[in-house]
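Accompanying notes for the structure given below.
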Amino acid sequence: MSTISKSKNRFLLEFGLLFFLILSIPYDQYLFLSLANGSLFSFENAFQWATYRTSFVIEGAYVGSDVRGYYNWLIALGVALVLVIAFGKYFRKRYQVEEHTLYYWLRVLLRYRLALAITFTGIVKVLPIQIPEPTLSDLHTEYGDFLRWKLYYLTNGIATAGYLPLIGALEVIAGLLLLHRRTAVIGAGVLVAILLNVVIVNYVYDIGEQVYSSFLLLIASVIFLYDLPRFYGLLVNHGAVLPDVFVPRFSPIVWRARPYLQIVFLLLIAGFSVQAYVVWKHTNYPFPEEKGVAKWKGLYDVKDFVWNGDTLAYSLTDEYRWKDVVFEAWNSISIRDNFTVKADSLKPRISTQNARNYEYLGNGGRRFYRYTYRKVEKNKPAQLNLNGQNDADKHFNFLLDEVDPVTLVLRGRDEAGNTLQVRLERQAKNYLLHEGRRKPIRIY
């Protein structure tokens, strides 16, 4: 016997179906921005299509405890209630759909809606795209200078026991189980356990996806609810439980199209998997794609710092003097100084409008710059231009001399016309994170 089997609950069925249909309308500001800024079939757009959220009331673009997205639930509840009251009786007489059939189509909508979102989300966890390993700049940022969500991401990014890929694999498997009616309850049960943890993490670390993760948890719970009495009778009461004997009846058109629609759905998942692998392997996502000067990669101590002709000694308070500089493997430089840096609190979304900004999001301890390098003549200084990422108004134009394999001298001006001369010396540093453990850690 299903959870909803009496005619008095038909109103609840119709109400639930309309509620979830309204919240499945692809009206999402971030989806539209992503489509406008990138190729229609790009990796970012594919992910946005799969994980869109209906936003009649636009959610904030920043991390934190903003829960305005729940207003969309209230809007959907109100509209669904009005529609059922106004037109429910008419459609019941007109179409005469049985309750079991209505409940079946509600679960179909939720199964495929959840399967698409969770498989795509799982894929970017199995491949370290959503939560990559820490950068050199991260390793040289003080713990207290990170926003809470970035601490959570970095902690999971360095986990070597396979925690993140395991969670991603479970999400993909559960999503695939949702595609078949007989295994859907297993997939939904697994996702209830996973998504409950995801919702809690979003609230604790202010990741900013509290509403969306709650919506996915709600969908998984509704799917699981159908078989909950059977699970309770079997596992709690230890009694005999009858299986679900309902067999949906399809029209000839639906019956013929159904297998092909399932194949198309599987092809979408397979196509995104290939696309995600290519992006991860060949484009350095989510970090900048343009390579830096390989021999410069590393941490540099600022040995000499001359500001407008004055040599500034090492200082813990001077707002102008740099402390250290990091050259990444790509064309990014991060500088640590004594001046307060406001951490960029944009949400870490996979979308074209936020593309390649992950490295400096949530980091309040360093200034990040993208650099362009041009060697004009062999024995003459090269040109090095730095363009600010935390603050677009900041930039430097330098002439660069390579004194020896570990020493760089920069001479130039900042955006305000102040002159600088900086001598950088690369530090020979081994990172225990890269060295690894003496013995591998296991979680199973």
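Checking region 380-403 against the condition returns no match, with no residue being β-branched (Val, Ile, Thr) and either in a loop (DSSP other than H, G, I, E, B) or touching a residue at least 60 places away in the same chain (Cβ under 8 Å) (or both). Look at SER213 and say whether it is small (Gly, Ala, Ser), without any contact (Cβ under 8 Å) to a residue 40 or more places away in the chain and under 24 Å from LEU191 (Cα atoms). Against the criterion (small (Gly, Ala, Ser), without any contact (Cβ under 8 Å) to a residue 40 or more places away in the chain and under 24 Å from LEU191 (Cα atoms)), SER213 qualifies. Among the numbered conditions (1) open to solvent by 10 Å² or more (accessible area, probe 1.4 Å); (2) at pLDDT 95 or above; (3) hydrophobic (A, V, I, L, M, F, W, C), the only one that VAL124 does not meet is (1). Check whether at least one residue in region 183-192 is surrounded by fewer than 19 Cβ atoms within 10 Å (Cβ to Cβ), among the β-branched types (Val, Ile, Thr), touching a residue at least 40 places away in the same chain (Cβ under 8 Å) and not in a helix (DSSP H, G or I), and report yes or no. So far as region 183-192 goes, no, none of its residues is surrounded by fewer than 19 Cβ atoms within 10 Å (Cβ to Cβ), among the β-branched types (Val, Ile, Thr), touching a residue at least 40 places away in the same chain (Cβ under 8 Å) and not in a helix (DSSP H, G or I). Being open to solvent by 90 Å² or more (accessible area, probe 1.4 Å) and under 17 Å from GLU133 (Cβ atoms), is that true of even one residue in region 291-302? Yes; the residues of region 291-302 include at least one that is open to solvent by 90 Å² or more (accessible area, probe 1.4 Å) and under 17 Å from GLU133 (Cβ atoms). The condition of being exposed (fewer than 14 other Cβ atoms within 10 Å of the Cβ) and modelled with pLDDT of 85 or more holds for ALA86. Collect the residues in region 366-381 that are open to solvent by less than 100 Å² (accessible area, probe 1.4 Å) and either basic (Lys, Arg) or within 18 Å of VAL409 (Cβ to Cβ) (or both), keeping them in residue-number order. Result: ARG366, ARG367, TYR369, ARG370, TYR371, TYR373, LYS375, VAL376, GLU377, PRO381. Set side by side, the residues GLN275, GLN262 differ, and just one is in contact (Cβ under 8 Å) with a residue 60 or more places away in the chain, in contact with a His (Cβ under 9 Å, 6 or more places away or on another chain) and closer than 30 Å to TYR112 by Cα, which is GLN262.
Taken over region 294-316, the criterion of being hydrophobic (A, V, I, L, M, F, W, C), farther than 14 Å from THR419 by Cβ and in contact with a strand residue (DSSP E or B) (Cβ under 6 Å, 6 or more places away or on another chain) is satisfied by TRP296, LEU299, VAL302.
Screening region 352-364 for residues that are open to solvent by 10 Å² or more (accessible area, probe 1.4 Å) and part of a loop (DSSP other than H, G, I, E, B) and picking the one that is modelled with the lowest pLDDT gives ALA355. Does VAL247 meet the test of being without any contact (Cβ under 8 Å) to a residue 12 or more places away in the chain and either outside any helix (DSSP H, G or I) or under 25 Å from SER55 (Cα atoms) (or both)? Considered against the rule, which asks whether it is without any contact (Cβ under 8 Å) to a residue 12 or more places away in the chain and either outside any helix (DSSP H, G or I) or under 25 Å from SER55 (Cα atoms) (or both), VAL247 comes out as yes. With respect to the conditions (1) open to solvent by less than 50 Å² (accessible area, probe 1.4 Å); (2) under 29 Å from the mean Cα position of the chain (by Cα), ASN418 falls short on a single one, namely (2).
Can you find a residue in region 392-400 that is open to solvent by less than 40 Å² (accessible area, probe 1.4 Å), of a type outside the set (Val, Ile, Thr) and touching a Phe, Trp or Tyr at 6+ places or on another chain (Cβ under 8 Å)? Within region 392-400 (the criterion being open to solvent by less than 40 Å² (accessible area, probe 1.4 Å), of a type outside the set (Val, Ile, Thr) and touching a Phe, Trp or Tyr at 6+ places or on another chain (Cβ under 8 Å)), the answer is yes, since at least one residue qualifies.
Restricting the search to helices (runs of 4 or more DSSP H) fully inside region 134-178 and requiring at least 2 residues that are open to solvent by less than 30 Å² (accessible area, probe 1.4 Å) and under 22 Å from LYS297 (Cβ atoms) gives 136-139, 148-157.
The values are calculated or read from the model by the stated rules, or taken from the named source; none is laboratory data. This structure is a prediction, so every number in the text was calculated from the model and none was measured. Virtual Cβ from ideal backbone geometry, glycine too; neighbours counted across all protein chains shown. SASA here: full protein model, heavy atoms, side chains in, ligands and nucleic acids out. Shrake-Rupley method; radii C 1.70, N 1.55, O 1.52, S 1.80 Å.
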